[in-house]
Amino acid sequence: MTADSTAAASQPQEGNVSRSASAGRETNPGKDGQADGAPASDILLSLHGISKHFGPVIALDGVDLDVPSGRITALIGDNGAGKSTLIKVIAGIHEPDRGEIYWNGKRVDIRTPHHATELGVATVYQDLALCDNLDIVANMFLGLEQRRHGLLDETPMELKAKETLASLSVTSVRSIRQPVGSLSGGQRQSVAVARAVMGDAKLVIMDEPTAALGVSQTAMVLELIQRLAASGIAVIVISHNLIDVFSVADRMAILYLGRLVSAGPASDYDRQSAVEIMTTGGLSERENGAHGAEAAV
Amino acid sequence: MAATNEPTIGEVKAPPEIEQETRADEAPVDPELLALPPDASFNEYITAWLKRVRRGESGVLPVVGGLIVIVIIFQIERSRFLSDLNLVNLLQQSAEFIVLGMAEIFVLLLGEIDLSLGYSGAVGAAVMAILAYPPINLSWELAIIAGLATSAAIGFAQGQLISRMRLPPFVVTLGGLLFWEGFLIWVINNQSPSNGGSIRINSATIYNIVNGNLSLAAGWILLAVGLVLFAVASVTRDRRRRAGGLVAPPLSLTLAKVVAVSIAGVVLVWICNANRAAFVGASVKGVPWVVPIVIALVVAWTFLLARTRFGRYVYAIGGNREAARRAGINVHRVRVFAYTLAGVTAAAAIIILDSRTGGVTTDIDGGQTVLYGVAAAVIGGTSLLGGRGKMIHALLGGLVIATIYNGMGLLSLSTDFQYMITALVLLAAVIVDAVSRRGQAVT
């Protein structure tokens, strides 16, 4: 309930600011959240006016973003747009200079990665951070090993790993005692995701999940992402691959030079308009009219 | 550090339209081989294992095969090679290589190397010898503990330098190699200036580590106890896994393993318990103390690596240090502890060496000794790149090195040939490893 009132209070003001600043080119994220059909109470994570500077470089400039549960939010933008910085803010690696973060409507400060993990934020980085020489169970429990009498207790870990993989419908992995290095790219991604959600994650952030994957593996990972969202988890996907983005995303959030210039239901965008916003920060007049009309519905 | 962050132009990513195929799209492993039903039969296990071997996951098979070949060659050349006396002799000679190999494995698993272990272990052994010698005359237990602790402290200090100050292990331990050699010479010459750079092992117990033998009955009893423990541990582990609904080998396979180990143990004790005296009328028999000591050390360190969080983290750091760090592992602490354990184990190795030769000397070539430790680990199958290796590798590799030494001694080959042939065996081991793993994703 606090979330609603806060969001409502801040919304008109920020909406006005952005509209006057860029003559209606920006889409108000809050408004789209409702247009999407997601009630405000489903908003898991809400960012308000997040700014981050690195010396003279403005990495993020007043970013507002709502991330609903059970939906896939695609965070797209050109190199240097601020995508990585934004997810690092959410993951507790960077603390924002200004702005507020609401988690389930409650104001939170995410100061450390540990803090983020406690809230239920799990990040799957592009390089996956897996140990190729360890088996799937050991990787999933790395740093979280269960012990009995001070010794590793493999049986419950193996059972839990099995259960988690099954809940993600990861069936292509036949033995969870095989080293991760012997897995395909898509299977590795699955293990990294399974590790992320095993600790009851509510928000999973995936950085370039399909980079370096072939066609069939990409399809497998995209399915996995959809299953995550279907299980009620909020998913943020960062990707350069607009084909992949459009095939799974429920919502789009487009960053341009540190500002969130456009956000809304994925159905409001097509690849052409997304690329234009990514590269120029907005749409040309003709398309903008059509886009604006759609967004307002 | 703005350079590492988003809005700079430093970040270069491949254009998204280019489909990157850096990783093989299909798993190189046939998943069928790895998936066995919980009630898989003995035959199914054997078939799966054979397939794994054919695929390159041959494990210790090449080194065991190589060892058998070497033994056969020496036996053909010198029929004395497989005599009771020579086999026990070989066990005694291999102990120092095996233990030093184990010391090195702790560090090799991290993907690092410790060149100082020969001399840091020698300093610990020298401390032990000095403490057990007049005028101090410390009891052998305390002297050994002090010696082990000395080398542990050396390993700890070097580990701290390497980990906290982010110095390259090669350079720090190369410095250690020189420093501790100098320290060893200084301390021994200071202690006994008139003895020409050596200190006799004054404690009968320490001398007997390698040169003493268990009584015949004690050998059999120790074997029986060890085998019962092994059998009980194997069966309970399987039972626990099966109770949890997990794949466990069938009882027949586990029993076959226990029987195989039992036969090996019985043969070992049988050989050691035969009278191996070189002269008619004399009697030398019994299992040398060092044999159960080395086996206990192999079991203990294997257990440490396989069943504790520390062991798991050593492998994780060797596999992907950044992943280990992100998983919340205290990488510094694990690395420093690994260097410390390497130091303790190296001290044990040099104590065994000094026990065999009966004294601590400044002549010890710690630089070469440590490389034999590395060679033992690598011949056995431990990777220099980190993350892959087991304590059993040091056991097998140490046996290979000692066999070559021993056999070439019997053939009266001079040291020049010994060195060159040991080098070729090392090279062969690495080649076998590389070839058998070609096509596997894990490197």
Identify the single condition in (1) without any contact (Cβ under 8 Å) to a residue 40 or more places away in the chain; (2) within 28 Å of A:Y269 (Cβ to Cβ) that A:K162 does not satisfy, given that it satisfies every other one.
-> (2)
When residues of the stretch A:207-216 are filtered for being crowded, with 23+ Cβ neighbours inside 10 Å and among the β-branched types (V, I, T), how many remain?
-> 1
Answer with yes or no whether B:A132 is among the small types (G, A, S), surrounded by 24 or more Cβ atoms within 10 Å (Cβ to Cβ) and at pLDDT below 95.
-> yes
Hey, can you tell me all the residues within the stretch B:199-222 that are part of a helix (DSSP H, G or I) and under 25 Å from B:I144 (Cβ atoms)?
-> B:A204, B:T205, B:I206, B:Y207, B:N208, B:I209, B:V210, B:N211, B:A218, B:G219, B:I221, B:L222
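Condition check ((1) buried (at least 23 other Cβ atoms within 10 Å of the Cβ); (2) within 14 Å of another protein chain (Cβ to nearest Cβ); (3) modelled with pLDDT of 95 or more) across all residues:
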residue: B:N275; (1), (2), (3): no, no, no
residue: B:I295; (1), (2), (3): no, no, yes
residue: B:L305; (1), (2), (3): no, yes, yes
residue: B:N330; (1), (2), (3): no, yes, no
residue: B:I352; (1), (2), (3): yes, no, yes
Quick one: in the stretch A:121-137, of everything that is at the interface with chain B (Cβ under 7 Å from one of its Cβ atoms) and in contact (Cβ under 8 Å) with a residue 60 or more places away in the chain, which residue is farthest from A:V108 (Cα to Cα)?
-> A:L130
Taking only the stretch B:332-350 into account, find how many residues are within 14 Å of chain A (Cβ to nearest Cβ) and either surrounded by fewer than 20 Cβ atoms within 10 Å (Cβ to Cβ) or not aliphatic (A, V, I, L, M) (or both).
-> 1
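Open to solvent by less than 20 Å² (accessible area, probe 1.4 Å) and either within 11 Å of chain B (Cβ to nearest Cβ) or at pLDDT below 90 (or both): is that true of A:V204 in this structure?
no
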Here, strands (runs of 3 or more DSSP E) confined to the stretch A:51-117 with at least 1 residues that are open to solvent by 10 Å² or more (accessible area, probe 1.4 Å) are A:57-68, A:98-103, A:106-108
Any idea which of B:R335, B:R325 is free of Cβ contacts under 8 Å to residues at least 24 places away in the same chain and at negative phi?
-> B:R325
Residue satisfying condition, being open to solvent by 40 Å² or more (accessible area, probe 1.4 Å), at pLDDT 90 or above and out of contact with any strand residue (DSSP E or B) (no Cβ under 7 Å at 6 or more places or on another chain), within set B:I73, B:I98, B:I46 | B:I73
All-but-one check, B:A375 against (1) assigned to a loop (DSSP other than H, G, I, E, B); (2) under 27 Å from A:G181 (Cα atoms), failing number (1)
Residue count, the stretch B:228-239, condition in contact with a Ser or Thr (Cβ under 6 Å, 6 or more places away or on another chain) and within 14 Å of chain A (Cβ to nearest Cβ), comes to 1
Which condition does B:V284 not pass, out of (1) open to solvent by 20 Å² or more (accessible area, probe 1.4 Å); (2) aliphatic (A, V, I, L, M); (3) without any contact (Cβ under 8 Å) to a residue 40 or more places away in the chain, if it passes all the others?
-> (3)
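Which of the residues that make up the stretch A:111-134 are more than 23 Å from the chain's Cα centre (by Cα) and either at pLDDT below 90 or within 15 Å of A:V193 (Cα to Cα) (or both)?
A:C131 - this is the single residue of the stretch A:111-134 that is more than 23 Å from the chain's Cα centre (by Cα) and either at pLDDT below 90 or within 15 Å of A:V193 (Cα to Cα) (or both).
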For residues in the stretch A:164-196 being in a helix (DSSP H, G or I), away from chain B (no Cβ under 12 Å) and open to solvent by 20 Å² or more (accessible area, probe 1.4 Å), which is farthest from A:A122 (Cα to Cα)?
-> A:A166
Every residue from the stretch A:79-107 that is of a type in the set (A, V, I, L, M, F, W, C) and over 21 Å from A:L260 (Cα atoms) | none
Residue check: is B:M420 buried (at least 17 other Cβ atoms within 10 Å of the Cβ), free of Cβ contacts under 8 Å to residues at least 60 places away in the same chain and more than 14 Å from every other protein chain (Cβ to nearest Cβ)?
-> no
Which residues, counting only those in the stretch A:138-152, are at the interface with chain B (Cβ under 7 Å from one of its Cβ atoms) and outside any strand (DSSP E or B)?
-> A:A138, A:L142, A:G143, A:E145
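Do we have any residue at all in the stretch B:177-197 that's assigned to a helix (DSSP H, G or I), within 21 Å of the chain's Cα centre (by Cα) and modelled with pLDDT of 95 or more?
For the stretch B:177-197, residues assigned to a helix (DSSP H, G or I), within 21 Å of the chain's Cα centre (by Cα) and modelled with pLDDT of 95 or more: present.
Return yes or no: is A:A161 in contact with a strand residue (DSSP E or B) (Cβ under 9 Å, 6 or more places away or on another chain), among the small types (G, A, S), surrounded by 18 or more Cβ atoms within 10 Å (Cβ to Cβ) and more than 10 Å from chain B (Cβ to nearest Cβ)?
no
Every residue, every condition in (1) within 27 Å of the chain's Cα centre (by Cα); (2) closer than 30 Å to B:T361 by Cβ, yes or no:
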position	(1), (2)
B:R200	no, yes
B:A218	yes, no
B:L222	yes, no
B:R242	no, no
B:L246	no, no
B:L251	no, no
B:A260	yes, no
B:S283	no, no
B:V291	yes, yes
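The values are calculated or read from the model by the stated rules, or taken from the named source; none is laboratory data. On a predicted model such as this, the values are computed, not experimentally measured, just so you know. All Cβ positions, glycine included, derive from the backbone under ideal geometry; neighbour counts span all protein chains shown. Accessible surface is based on the protein model in full, side chains and every heavy atom, while ligands, DNA and RNA are left aside. Shrake-Rupley method; radii C 1.70, N 1.55, O 1.52, S 1.80 Å.
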